[in-house]
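Trainee: I'd like to ask some things about the structure below.
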Protein chains: 2
Amino acid sequence: MPKTSPTHPRRLEDVPEWDFETDVAIVGFGGAGSCAAIEAADAGAEVIVFEVASASGGSTALSSAEIYMGGSGGTRVQRACGYDDSTKNMFDYLMAAQGELADEERIRLYCEGSLDHFQWLVDLGVPYKDSELKARAIVALSDDGLLYTGNEKAWPFRDIATPIPRGHNLQVEGDNGGPLFTQILTRQVETRGIRVEYDARALTLVTNDAGEVHGLVVRIDGDEKLVRARRGVVLCAGGFVMNKTMLEHFAPETARIAHPIGNPFDDGAGIRMGFGAGGALLHMNQCFLTIPFYPPSVHTYGILVNAQGQRFINEDVYHARVAAHAQRQVGEGIYLIIGEKRWKQPNMLGGEIVGTGDTIEELAEDAGLPVENLSHTLRAYNENAARGEDPLFHKSSDWLEPIEKTFAAVDITPGRHGNYVAFTLGGLSTRPTGEVLRLDGESVPGLYAAGRTTCGLPRRAEGYASGLSVGDVTFFGRLAGRQAAARA
Amino acid sequence: MPKTSPTHPRRLEDVPEWDFETDVAIVGFGGAGSCAAIEAADAGAEVIVFEVASASGGSTALSSAEIYMGGSGGTRVQRACGYDDSTKNMFDYLMAAQGELADEERIRLYCEGSLDHFQWLVDLGVPYKDSELKARAIVALSDDGLLYTGNEKAWPFRDIATPIPRGHNLQVEGDNGGPLFTQILTRQVETRGIRVEYDARALTLVTNDAGEVHGLVVRIDGDEKLVRARRGVVLCAGGFVMNKTMLEHFAPETARIAHPIGNPFDDGAGIRMGFGAGGALLHMNQCFLTIPFYPPSVHTYGILVNAQGQRFINEDVYHARVAAHAQRQVGEGIYLIIGEKRWKQPNMLGGEIVGTGDTIEELAEDAGLPVENLSHTLRAYNENAARGEDPLFHKSSDWLEPIEKTFAAVDITPGRHGNYVAFTLGGLSTRPTGEVLRLDGESVPGLYAAGRTTCGLPRRAEGYASGLSVGDVTFFGRLAGRQAAARA
């Protein structure tokens, strides 16, 4: 009996007979897997989807399913809301946001194909309302179709690309985008007659001696089943944030401070299978990490300081950028300093008020912060804010006003207070079209991947925007499905 | 003709006959490889070393060959210099220095075995003089045996473990430790009759269908030769800093700003071979990174500020810790602010004076720094320094004095000015005893690795100390050699 573990592929010559035969086998029926399945089927391939859970959706179903889209003059929603978004503008923004980690080819494809992707989703039945949510929010609780979800309006990005909102939110009240999105995609898969095996755990891939992938081994009802995939296997099995061993191994800095978000099957199985078949892993330390210090958006009127009582970021950036920089400060201590007028009970912050005062000095003493330095920070901030200026971090004048007594310091030190949450951004190294790559840049024949099983377009919290992950998994899931279907 | 690339191991069944047969084959004759060879031979194994260059030494020969050692009451040199170093103290320091990335088992073994390692080196003929170099230096240019080479005396480490110097420098004038160290190790290998093949490039490993490593393929004089290793292959082929493609792929943030240091064969070949045989890679983004803003040590009297004119680190930390934090600051700009009295022509800094002034305001305006904030930073620093205090970053009072006119701002912004240099710290995932690990934590039978081909003890610039890499490669090189020799 051959050993079965994700990192040990089954040898083709040890396969006595196949239990399933298809052109394209897809592992995982979340956002990436459903899009891969639809495209592969539409390209004429026979497709079977194997999903470990009893239902579709994966982590996409748990998300708001916002999708980051734009360029090419703007989506229908952007244009209706008065925005003229160019592909270059979107590209420039994403390149700057991803910084040194940017995958230029992936970003270019995404920006150039974004408008088509929007139309494809609309044609599938995904509803977007032609209206904009103007509030600074993490997710839209209204049914508005468009909102700013990243750092577009914040320094330094607003000087690099014209700020345009690109977060597309489904036309549904409350934070219910994920379930609706999943329902629509699932129905589209069913409509096409694509076979879906639920409660089917993929165990490992089947490879021949040359390293080509010929299929996979799944467990259904306690029995191993052998699946032949004539054209290819597409791994869309999510990330690894729920695998504590892997997370502590590869991303220990984040593991220490953050709660994982995702579904319980984000256990890295797809990554391990791809690795077992020769795939390289990329940026396994990188995570989406956030501290939801807003909403309420009025907290943006406050300032964030470190243990030295110094600001370290413009507070109007996206929450994940705040978290990424909070994680990097020397000394233990991150605080939101805010005036009574602007403090509202936070939704998800989990911070603790550790000091208050009618003067800055009182506040600093009460919170145990360096009195002189915090005092300078706040006085200088207030003087400049009164003039609508922030010479240090260039926070937008929309959020500048002097902070007034009673002052409070809210402790959101990573690992001590504050609900830091994370999911993984590292994974299999792939071409944008889904081919899983070895360390030498060659592809593993017959193996494709998309979604959080791969290191995709969003590669760092610092430059994240809501909608980039569901955008990435659906867009590149489609490409991977198409690529697998086209293989001879 | 089977394909030959590091990531495609040769199949055992495709080997018609062996050109070399040995118990243990070692790839690379640098610090790790020589120690592995000596230990394997001393354990009774037949050993052949394959070295791609025409001479021994690898990057260890190019280094100062300082080794970080201590614990167990102290090495002979430490005791002679009046230091009583406990294993717990050394362990506590290294655990804090490596932070979340610390490998506790590796650090524990290293600290517990450090005194024996010192004695082993001395017995091989490595000379250490019982004297301490008291100056703050990056490398000892004197023949003194002991110096502080890390962050031991700096906050916060001095509060976590009692500061003790642990950098052991060879008894040789000038920066000539590496060549002498290499000469001694090479002679020890030769004395044992260990066969060394120079100009022999390892191409790939030989594995059977179960994934066990049985040998390797090397190229000598243009011909492929097949090497059978009955007990195991030990990969000691250096890191990947000289492989531009790999560096930009895995460590793009460092690739952008730093010059690589090492030998031209630090091309990742060992890492690629280990990966090809199923080994996982760990922390591939992590690099040693430094900005040598001292010597001269008097620059420590200056302060380092970011684009906001704010300090971000205690300036008495190890140079690599400065570089790691300089890399993380928001906005473009890192400056050494220093008074005329303490400015000396730097050795390796590569910074540029971009502003001077008789007042702080003049300086800030001349350098284009935020006037108000730099002015506060410097005034507050000076007032506190006059009292021997640094309430923000707890710089040691040894380096505290008011900074006086004429002031200068030296631009050392990463990517703009300053000689930032780097080498890689990520590599194959291994047990401390050298077994190369798959992603599931199982070992690859017959495959061992040590040195910068692995992710070893030093895992981040932030907690680096000179002597940790040569310490790691020699200590764990020995363990890997012993482990391979002991395999049935």
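Trainee: Can you work out the base-10 log of I(q)/I(0) for region B:138-257 at q = 0.14, 0.18 1/Å, using the Debye formula on its C-alpha atoms alone?
Mentor: At q = 0.14, 0.18 Å⁻¹ the computed log10 ratios are -1.03, -1.11.
Trainee: Next question. Starting from a label point 7 Å past Cα on the Cβ side, list the distances from residue B:104 to the same position in the other copies, nm, shortest first.
Mentor: With the label placed 7 Å along Cα→Cβ, residue B:104 yields 4.5 nm.
Trainee: Need one value for B:381-391: mean number of C-beta atoms belonging to other chains within 10 Å of its residues' C-beta atoms. Spell out each step's value before the answer.
Mentor: Numbers: counts 0, 0, 1, 1, 0, 0, 0, 0, 0, 0, 6.
The shielding value for this peptide is 1.
Trainee: I would also like to ask the following. Give me, ordered by chain and number, the residues 5 or more places off residue A:21 or on other chains with an amide H under 5 Å from its own placed amide H.
Mentor: Close amide H contacts, sequence-distant or interchain: A:228.
Trainee: Round to a whole angstrom and tell me the spacing of the C-alpha centers of region B:295-316 and region A:61-89.
Mentor: Spelled out, the Cα-based centre of one part sits 44 Å from the other.
Trainee: Got a sec? Charge dipole of chain A, +1 on Cβ for Lys and Arg, -1 for Asp and Glu; which of A:71, A:319, A:34 is way out at the positive end?
Mentor: A:34
Trainee: Right, next: Putting +1 on Lys and Arg Cβ atoms and -1 on Asp and Glu Cβ atoms, find which of B:381, A:469, B:16 reaches farthest to the positive end of the dipole of the protein assembly as shown.
Mentor: The Cα lying farthest towards the positive end belongs to B:16.
Trainee: For residue B:419, which sequence-distant residues (separation of 5 or more, or a different chain) have an amide H within less than 5 Å of its own amide H, given hydrogens modelled in the peptide plane?
Mentor: Answer set, sorted by chain and number: B:350, B:351.
Trainee: State, to one decimal in nm, how far the label point of residue A:183 lies from the label point of residue B:17, with both points 7 Å from Cα in the Cβ direction.
Mentor: Taking the simple label geometry, residue A:183 and residue B:17 are separated by 7.4 nm.
Trainee: Taking every residue in B:268-274, how many Cβ atoms of other protein chains lie within 10 Å of its Cβ, on average?
Mentor: On the way: counts 1, 0, 0, 1, 4, 1, 1.
So the per-residue partner count for this stretch is 1.
Trainee: Find the Rg to Rh ratio for the protein assembly as shown, where Rh is the Kirkwood radius over alpha-carbon pairs and Rg uses the same atoms.
Mentor: Details: Rg = 29.1 Å, Rh = 29.6 Å.
Ratio value, two decimals: 0.98.
Trainee: Report the charge-dipole magnitude of region B:292-353 in Debye, nearest 20, computed about the Cα centre from +1 at each Lys and Arg Cβ and -1 at each Asp and Glu Cβ.
Mentor: Working: 6 positive and 5 negative charges, 26 e Å.
Roughly 120 debye for region B:292-353.
Trainee: If the cut-off is a Cα-Cα distance under 12 Å, which aspartates and glutamates reach residue A:88, setting aside same-chain residues fewer than 8 apart in sequence?
Mentor: Candidates past the 8-residue exclusion: A:112.
Trainee: State log₁₀ I(q)/I(0) for chain B at q = 0.06, 0.11 Å⁻¹ as given by the Debye formula over alpha-carbon point scatterers of equal weight, solvent excluded.
Mentor: -0.29, -0.87
Trainee: Might you report the magnitude of the Cβ-based charge dipole of region A:292-411 about its Cα centre, with Lys and Arg at +1 and Asp and Glu at -1, to the nearest 20 debye? Working shown, then result.
Mentor: On the way: 10 positive and 18 negative charges, 90 e Å.
Approximately 440 debye in magnitude.
Trainee: Shifting gears a bit: For residue B:42, place a label point 7 Å from Cα along the Cα-to-Cβ direction in every copy; what are the distances to the other copies, in nm, shortest first?
Mentor: Ordered by distance, the counterparts are at 6.7 nm.
Trainee: Between the alpha-carbon centers of region B:382-455 and region A:325-360, tell me the distance in whole angstrom.
Mentor: Cα centroid of region B:382-455 versus Cα centroid of region A:325-360: 30 Å apart.
Trainee: As an exercise, take the mean of 1/r over every pair of distinct alpha carbons in region A:404-469, invert it, and state the Kirkwood radius in angstroms. Could the numbers behind the result be given before it?
Mentor: On the way: mean 1/r = 0.0673 Å⁻¹.
It is 14.9 Å.
Trainee: 7 Å along Cα→Cβ for the label point: how many nanometres lie between residue A:389 and each equivalent label in the other copies, listed shortest first?
Mentor: Those separations, rounded to one decimal, come out as 3.2 nm.
Trainee: Label region B:292-411 by shape, choosing from rounded, prolate and oblate, from the square roots a ≥ b ≥ c of the eigenvalues of the Cα gyration tensor; if a/c is under 1.5 it is rounded, and otherwise prolate applies when a/b is larger than b/c, oblate when it is not. Show your work: numbers first, answer last.
Mentor: On the way: a/c = 1.17, a/b = 1.04, b/c = 1.13.
Rounded.
Trainee: Which of the lysines could a cross-linker bridge to residue A:344, judged by Cα under 26 Å and excluding same-chain residues fewer than eight apart?
Mentor: Excluding near neighbours in sequence, the set is A:134, A:153, A:395, A:405.
Trainee: Calculate the tail of P(r) for region A:67-174: the fraction of all Cα-Cα distances greater than 23 Å, expressed in %.
Mentor: Numbers: 1337 of 5778 pairs.
Roughly 23 percent, rounded to a whole number.
Trainee: Tell me which of A:250, A:200, A:409 sits at the most positive position along the dipole axis of chain A, charges placed on C-beta atoms (Lys, Arg +1; Asp, Glu -1).
Mentor: With unit charges placed on the Cβ atoms, the residue in question is A:200.
Trainee: Which value, in debye to the nearest 20, gives the size of the charge dipole of the protein assembly as shown about its Cα centre, when Lys and Arg are +1 and Asp and Glu are -1 at the Cβ? If you can, show how the numbers build up before the last one.
Mentor: Values: 90 positive and 128 negative charges, 188 e Å.
The calculation lands at about 900 debye.
Trainee: Ranked from highest to lowest mean number of other Cβ atoms within 10 Å per residue, what is the order of the peptides B:26-35, A:476-485, A:168-177, A:57-66?
Mentor: The most tightly packed comes first, giving B:26-35, A:476-485, A:57-66, A:168-177.
Trainee: Which helices count as membrane-span-like in chain B under these terms: full DSSP H, at least 20 Å along the axis by C-alpha, Kyte-Doolittle mean of 0.0 or more?
Mentor: Values: long enough: B:104-124 (28 Å, -0.35); B:177-191 (21 Å, -0.03); B:371-386 (22 Å, -0.68); B:468-485 (25 Å, 0.46).
Flagged H segments are B:468-485.
Trainee: Using r as the Cβ-Cβ distance of residue B:362 and residue A:160, and R0 as 30 Å, what FRET efficiency do you calculate, to the nearest 0.05? Write out the running numbers ahead of the final one.
Mentor: Numbers: r = 32 Å, r/R0 = 1.06.
That gives a FRET efficiency of 0.40.
Trainee: Output wanted: per-residue J couplings in Hz (rounded whole) for region A:396-403, from phi through Karplus 6.51 cos²θ - 1.76 cosθ + 1.60, θ = phi - 60°, x for Gly and Pro.
Mentor: Karplus-based 3J(HN,Hα) across region A:396-403 equals 4, 4, 4, 10, 9, 7, x, 8 Hz.
The numbers here are math on the coordinates, done by the rules we state, and not lab data. Given the structure is predicted, the values throughout are model-derived calculations rather than measurements. Please note: Cβ atoms are built from the backbone with ideal geometry, for glycine as well, and neighbour counts cover all protein chains shown.
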